[in-house]
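A short worksheet on the structure shown next.
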Amino acid sequence: MQSPDRTDDPPTPPLLLPAEFVRYAVALEVSELAWGHLNGRLTAEDTVELAFLRRCDLGPPAEDFARIHALGADAPELDAVCRELVEDDARDRRIWDHLVLAHHAPDDADRRQLAAGRQEFLLDRAASGRGMNWQDSSALMGTDRPEEVDAALDRGEELARVAIIGLALTHPDAAAILPRVARVIETALETADDELLYPGTLALAHTARLHGTVDRRCMELLRRCPRGNVADDDVATFVARRRLPWWLRRYHLRKRLRWVLWEKWIP
């Protein structure tokens, strides 16, 4: 029987990190992914999943990520291949120290240390274009880190218009998507760039359809767009009517009345 004056030590949090956290928190390099698997930060299944996601991010240049993914989680060679791919043990460990701190101890963690890790392993890599292959539109359709879109817009990447659609289709949180959509639409309106306006409104349409929501800023910008754009119908269809502004409800009422009159009087 345990002594009444004995206190148990608090349990040590597990070092394992879920792929769904890692994929959004950083832009992994292959040596870092390999180190994470070998040192108990990732299960074999999550290692293979992250390798697949990074291969999709980078397209053809990502042969080593493709190599890990092709092996599969049950492959006996997985550890050996990961050992081969680790480049610098101390350097590769640093990103995992940041991820463990960010995931397991956010309340009492050093905020400056967290910010420095986010800057180095996510924002700086996005700013330099290392997180995605910006020459491959098919890779960009899978964009799932909002910071990649921010950095691409800052750099003036032409294919940022593809990435905003990919973000709308891929990211699970509308709150992360809509500010970037608004930025694209606003830039398109200010520069009279119809080629940029279309992907911006298309991304808004996808967000409304998949998440059933929009925000005030996007609706204010949508009002400035020519009516009949690709977002009008999806926003009116998939967002609750009570949340629609009067001008969009009125536009769709007129559109519906015209359709009814046409059907009634034109055989």
So the check is Cβ under 6 Å with 6+ separation or different chains; which pairs have a first residue in the range 159-178 that's closer than 18 Å to Asp234 by Cα and a second one that's part of a helix (DSSP H, G or I) and among the small types (Gly, Ala, Ser)? Ile164/Ala203; Ile165/Ala203; Ala168/Ala203; Ile177/Ala168
Restricting to the range 212-230, what's the tally of residues that are closer than 17 Å to His252 by Cα and surrounded by fewer than 16 Cβ atoms within 10 Å (Cβ to Cβ)? 6
Assess whether Arg111 counts as being of a type in the set (Lys, Arg), more than 20 Å from Pro18 (Cα to Cα) and touching a residue at least 40 places away in the same chain (Cβ under 8 Å). no
Conditions (1) charged (D, E, K, R); (2) crowded, with 19+ Cβ neighbours inside 10 Å; (3) over 20 Å from the mean Cα position of the chain (by Cα) -> Arg125 fails only (3)
Total residues in the range 135-151, condition in a loop (DSSP other than H, G, I, E, B) and under 15 Å from the mean Cα position of the chain (by Cα): 5
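Each row is one residue, and each column tells you yes or no for (1) in a helix (DSSP H, G or I); (2) at pLDDT 95 or above.
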residue: Leu15; (1), (2): no, no
residue: Glu45; (1), (2): yes, yes
residue: Phe52; (1), (2): yes, yes
residue: Pro60; (1), (2): no, no
residue: Ile68; (1), (2): yes, yes
residue: Leu114; (1), (2): yes, no
residue: Gly117; (1), (2): yes, yes
Is at least one residue of the range 54-64 surrounded by fewer than 19 Cβ atoms within 10 Å (Cβ to Cβ), of a type in the set (A, V, I, L, M) and either closer than 13 Å to Gly131 by Cα or touching a residue at least 12 places away in the same chain (Cβ under 8 Å) (or both)? no
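The values are calculated or read from the model by the stated rules, or taken from the named source; none is laboratory data. Source: prediction; values computed, not measured. All Cβ positions, glycine included, derive from the backbone under ideal geometry; neighbour counts span all protein chains shown.
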